[in-house]
Amino acid sequence: MIRTSLIALGLLALFVARTSAAAERAIWTWEQASYAMLEDRAAADAAIAFLRSKHIGTVYLYADAYQERNLPEARPNLYRQLIRRLHARRLHTFALLGSAHLHTEAYVLPEHRNTGTRRWPCSGACL
């Protein structure tokens, strides 16, 4: 009876430890950091190393215009390459619109949904 209880307690402790260690962390990268990672491989390498060191599992990558440039439209290949690199390092990655000055929050409203889907005419697999 005591042995069975100790085994059960040990298994429970192992389960709790694994569950706690497996808790995933996520981060949103804003305009400056996202564009730096897109345009500078060394910056991307440093960011990836930092994210991994902090046990980040998911990256929400800014994907919209910044400083008079629009890399998602002008150079979508940069997003594809960076997302592949992030995935290769086991970082789930989502390229998302999200900018207060561009009012991208309005794209979720039915009357503005066509604006967002025209800008991103794919189901998410194109990036």
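Remarks
- Among the residues of region 37-47, the one identified as farther than 16 Å from Leu96 by Cβ and touching a strand residue (DSSP E or B) at 6+ places or on another chain (Cβ under 9 Å) is Ala47.
Here's the yes/no breakdown for (1) modelled with pLDDT under 90; (2) surrounded by 14 or more Cβ atoms within 10 Å (Cβ to Cβ); (3) under 16 Å from Arg84 (Cα atoms):
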residue: Gly10; (1), (2), (3): yes, no, no
residue: Ile27; (1), (2), (3): no, yes, no
residue: Met37; (1), (2), (3): no, yes, yes
residue: His55; (1), (2), (3): no, no, no
residue: Thr58; (1), (2), (3): no, yes, yes
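- A search for C-beta distances below 7 Å between a residue of region 27-47 that is assigned to a helix (DSSP H, G or I) and any residue that is at pLDDT 95 or above and loosely packed, with under 15 Cβ neighbours inside 10 Å, counting only pairs 6+ apart in sequence or on different chains, returns Ala36/Ala43; Met37/Ala43.
- Subset tally (residues that are modelled with pLDDT under 90 and surrounded by 13 or more Cβ atoms within 10 Å (Cβ to Cβ)) for region 71-95: 4
- Selection count where residues are surrounded by fewer than 17 Cβ atoms within 10 Å (Cβ to Cβ) and under 13 Å from the mean Cα position of the chain (by Cα), scope region 39-53: 1
- Test result for Cys126, at pLDDT below 95, outside any helix (DSSP H, G or I) and out of contact with any Lys or Arg (no Cβ under 9 Å at 6 or more places or on another chain): no
The values are calculated or read from the model by the stated rules, or taken from the named source; none is laboratory data. Predicted, not measured: the structure shown is a model, and the values here were computed from it. When we count neighbours, we look across all protein chains shown, and the Cβ atoms used for this are built from the backbone with ideal geometry, even at glycine.
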